[in-house]
Amino acid sequence: MRIVMLGGPGAGKGTQAQRLSQQFQIPWLSTGDILRHEIVRQSQLGQQVQPYLEQGQLVPDELMIAFIRQRLLQPDTAQGWILDGYPRTAFQAEELDFLLDELEQRLSWAVLLEVEESILMQRSLARSRLDDEPTLIERRIQALFEQTLPMLDYYEQRGRLLRINGSLTPDQVEQQLLTRLNASL
């Protein structure tokens, strides 16, 4: 199973991706966590992406595409994966499909966790991560509406979009997800 998790900051993408990873025994690839780790390590990638993350902006497509390509070539992803935090734009979604074609893989589902803006803000502030300041959260929510949500048409037209009510409890969201994903197997 190859899944892309979509939704705003605080929608529960990480929580659900982690649960699905355990359920299906496939790696959870949290691009945000990986990029934050690279910043702490001060790796070349970390130094390149740090200014964007500090300003609440999306990392440029070229950097993200190269990073995703490198990660999907690792042996642990051969049987499937869950991508959390990528793609963020229709261009990235299309580029991911090109990459998957090249790797002879196919996306199973793009899962959208739908959550109201006020709840996204509330949840993000409760996490108290370094980059979860109100102004940065607002920028990420704005980026969601301007750049990410238009990507939904891309996946909907391909019959690959699953819409899930992300406002419910984590257990209820997981149950919805498992029911819908297992029905598609």
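Scanning the range 72-96 for residues that are assigned to a helix (DSSP H, G or I) and surrounded by fewer than 17 Cβ atoms within 10 Å (Cβ to Cβ) yields 75, 76, 91, 94. Within the range 29-66, the residues that satisfy the criterion of being in contact with a strand residue (DSSP E or B) (Cβ under 8 Å, 6 or more places away or on another chain) and either farther than 17 Å from residue 14 by Cβ or in a strand (DSSP E or B) (or both) are 29, 30. The condition of being surrounded by fewer than 22 Cβ atoms within 10 Å (Cβ to Cβ), of a type in the set (A, V, I, L, M, F, W, C) and free of Cβ contacts under 8 Å to residues at least 24 places away in the same chain holds for residue 45. Would you tally the residues in the range 152-169 being surrounded by 13 or more Cβ atoms within 10 Å (Cβ to Cβ) and either out of contact with any Phe, Trp or Tyr (no Cβ under 8 Å at 6 or more places or on another chain) or on the phi > 0 side of the Ramachandran plot (or both)? Final tally of qualifying residues: 9. One residue is enough: does the range 161-173 have a residue meeting the conditions modelled with pLDDT of 95 or more, more than 17 Å from residue 57 (Cβ to Cβ), in a helix (DSSP H, G or I) and touching a helix residue (DSSP H, G or I) at 6+ places or on another chain (Cβ under 8 Å)? Yes, the range 161-173 contains a residue that is modelled with pLDDT of 95 or more, more than 17 Å from residue 57 (Cβ to Cβ), in a helix (DSSP H, G or I) and touching a helix residue (DSSP H, G or I) at 6+ places or on another chain (Cβ under 8 Å). The residue list 185, 181, 149 contains one member that is within 17 Å of residue 24 (Cβ to Cβ) and surrounded by fewer than 18 Cβ atoms within 10 Å (Cβ to Cβ), which is 185. On inspection, residue 78 qualifies as more than 17 Å from the chain's Cα centre (by Cα), within 28 Å of residue 22 (Cα to Cα) and not acidic (Asp, Glu). Looking only at the range 89-114, residues that are under 18 Å from residue 140 (Cα atoms), free of Cβ contacts under 8 Å to residues at least 60 places away in the same chain and among the aliphatic types (A, V, I, L, M) come to 0 in all.
The values are calculated or read from the model by the stated rules, or taken from the named source; none is laboratory data. Everything numeric in this text was worked out from a predicted model, so none of it was measured. No Cβ is skipped: glycine too gets one built from the backbone with ideal geometry, and neighbour counts run over all protein chains shown.
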